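Structure first, commentary second.
Read the figures in this text as sums done on the coordinates, not as results from a lab. Quick caveat: nothing in here was measured; it's all calculated off a predicted structure. Ideal geometry is used to build each Cβ from the backbone, glycine not excepted, and the neighbour counts take in all protein chains shown.
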Amino acid sequence: MPILEVTDLKKYFHTYRRRDKSSSTIKALDGVSLKMEAGQIHSIVGESGSGKTTLGRIIAGLIEPTEGSVILDGTNIFESAKSDLRSVRRNVQIIFQDPYSSLNPRFSVRQIVEEPLKLNKIPFTMKDIGSALMKVGLTPPEEFLDRYPHELSGGQRQRVAIARSIVVRPKFIVADEPVSMLDASMRASFLQLISDLRRSDNITMLMISHDISTAYYVSDVISVLYLGKIVETGSADEIIKNPKHPYTRALIQAVPTLGRIEQKKIEIRDSIEKSHTTVGGCRFRERCLYAISRCSEEDPDLRDIGNGHRLACHVDL
């Protein structure tokens, strides 16, 4: 049984312009479904505006969907009684993108890490706090317990944020761009830390990233999200080594590599401003150089193309 099952998730935002009294609907998520097994790292990859952060916040219970369900360990988190919801929220933790704004500047490291334990009424000792700090590489913990966020580097702040997430021993973590604000020298060590925590604590993680190479480094499964819909999903190896969707190929091509000058660039049109409200057909067609007439008439469904690889595209590349 999957630990997480997301079914036909939709989140629509309605906008209204006073000047011309017009309104429109932005479909941040439009029918997203996925399953995750315990101990798995599943990355959601896409550009800004793809809906990946909205997906993460819904799964974490921070916002409610317009339609669809999120079932965590057998519990529908949006249909649970308040008593059950507290347990659900204890078991789902989130690591935010910005380590500078996600920590309370008035709290010491000790207060930050112990806060979720107090909120969930979990008995603890200073040994538990120290153990969480040691797991994320803040050693010896005694040197960090009484420090405040402004006394830490960006990398140390993000480690504190991770310690805060794991201290309650959650079943599931949503990591929203956890390394995007760190310099290159820190990213590899953080990705290794995430891998180590998965092995030691059997943590299941949904990682959100705009960088497909970062996702590949730690993930078992990668799903590519474009304007609220998954356009390609499969094992990390399958997606990187055998990409089939032109958008996935463009994301891979955008990763700097040695010998880049010799690689053939997969070109796509840049603008996505009008695509959010495109009616009918494939929402990627306005940027796709391979679009055919069918793309304007029919929105492709995810279809199995073998090896657990699923694709939403009318064109075989």
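For this structure, a couple of remarks:
- Counting all C-alpha pairs of segment 184-263, share separated by more than 14 Å (%): 66 percent
- Among 203-214, 92-103, the order from most to least packed when residues are scored by Cβ within 10 Å on average: 203-214, 92-103
- Residue ranges 243-255, 176-188 sort as 243-255, 176-188 when ordered by packing (mean number of other C-beta atoms within 10 Å per residue, highest first).
- Here is the P(r) of segment 10-79: all C-alpha pair distances, binned every 5 Å from 0, give 3, 13, 22, 23, 16, 10, 5, 3, 2, 1, 0 in whole percents.
- For segment 4-311, alpha-carbon Rg over 2.2 N^0.38 Å: 1.06
- For the chain, hydrophobic long helices are taken as DSSP H runs at least 15 Å long by C-alpha position along their axis with mean Kyte-Doolittle hydropathy of 0.5 or more; none is present.
- When the alpha carbon coordinates of segment 40-120 are projected onto the principal axes, the ranges are 39, 36, 25 Å, largest first.
- Only helices enter this figure: runs of n ≥ 4 DSSP H residues, each worth -39500 (n - 2.57), summed and divided by the residues of the chain, yield -9000 deg cm²/dmol at 222 nm to the nearest 500.
- Each principal axis of the Cα cloud of segment 54-177 was evaluated for its coordinate range; sorted largest first, these ranges are 46, 29, 23 Å.
- Taking chymotrypsin sites (Phe, Trp or Tyr not before Pro) across segment 1-87, the ones in a DSSP loop with at most 15 further Cβ atoms lying within 10 angstrom of their Cβ are PHE78.
- With contacts taken as Cα pairs under 8 Å and at least 6 residues apart, segment 4-311 reaches a relative contact order of 21 percent.
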